[in-house]
Amino acid sequence: MILRKFWFACFALGAAWADCPHEVGNHDERCSLDASAFLGLAVDTFAAGEYGNYVYPAHDASSASNATESSVFGFNFAFRVTGARDKAANYKRQLWIYGETIHGVRSADIDCATSNLSSCQTGVSTIANPVSAGQNALYIVRNASSLEGYVGFRWEFVRLNQAGADDVGGTPVNVYLKAQAGFLKVAGSPGSALDMHKVALGLIATKGNFTDSHLDVGYGRNDVFQVNRRRRVVVDAYVQRKIPTLDSLSVFMQMVVDTDLGRGSDSFQTYIGANLDLGKLFGN
């Protein structure tokens, strides 16, 4: 209950934030408080049976190597705790606190004859359909097969590609180091929530149509796996593209690879969907 109240408080702060434009520098278009909601499709590919059986009790071991689809909905937030500016109002070094929730409903639990959720659709445009987005989000939250949550700190300490930042289409990036704690709880699975923690080094875009796109490589723990759960290498590649005619809406694609670099189980997760900027939606 406490965790739920925390995430709704973050959502409320994002909806109320309407004081961003004066903060934006020449090389960093991000607000000091960003909050967004996303809706989309997740595809999990299991490289070994132990992963599918451990996380999804109803998953047939004979098909553990097959892809499992889910419709997902969640919230993101990021808050710039501190940052030193230069004369051009650009942040040199920044400390962010960020978080995310992901509610997922597996395709096996959905009757597509009566549902228009993401995993029942064949086109990307249907995911971003504003008519059905609210209904789909509510359905996913109420019937979620899984819940993931993350919170962490991100220290951005080096700026790259600044020379081309003023050009049309220029994409400056920051180098960051982050420490992230997370959990996963699956309906029907025994025991408490599974721990999912990591530290990572990466790059994040700070300006342009691909703002907030990032790539990082991390090392940590994932209790989803039975073998080498405390020795995981995680690659997270996220691409977000703004829709020119709808400034508050973006489309995204993400791929997360979790491996032990050995003979243990690996997983490959792909996400695709639409991201709604709550600050711009509420008048920013």
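Laboratory data are not the source of any read-out in this text; all were calculated from the coordinates shown. None of the values given here were measured: they were computed from a predicted structure. Reconstructed Cβ throughout: ideal geometry from the backbone, glycine too, with neighbour counts over all protein chains shown.
So, counting K/R as plus one and D/E as minus one, what does the shell of residues with Cβ under 9 Å around residue 182 add up to?
-2
Determine the gain in length on full extension of the stretch residue 193-residue 253; use 0.36 nm per residue of separation and subtract their C-alpha separation, reporting nm with one decimal. Don't skip to the answer; put the middle values down first.
Values: separation 60, 0.36 × 60 = 21.60 nm, distance 2.64 nm.
Answer, rounded to one decimal: 19.0 nm.
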Give a residue-ordered list of calculated ³J(HN,Hα) values for segment 197-209 (Karplus: 6.51 cos²θ - 1.76 cosθ + 1.60, θ = phi - 60°; whole Hz; x for Gly, Pro). 10, 6, 10, 8, 10, x, 10, 9, 6, 10, 7, x, 5
At 7 Å along the Cα-to-beta-carbon direction for both residue 239 and residue 135, put a label point, then send me their distance in nm to one decimal. 3.2
Charge tally in the Cβ shell below 11 Å around residue 268, where Lys, Arg are +1 and Asp, Glu are -1, residue 268 excluded: -3
May I ask you to compute the full-extension gain from residue 45 to residue 26, defined as 0.36 nm times their residue separation minus their alpha-carbon distance, rounded to one decimal in nm? 2.8 nm
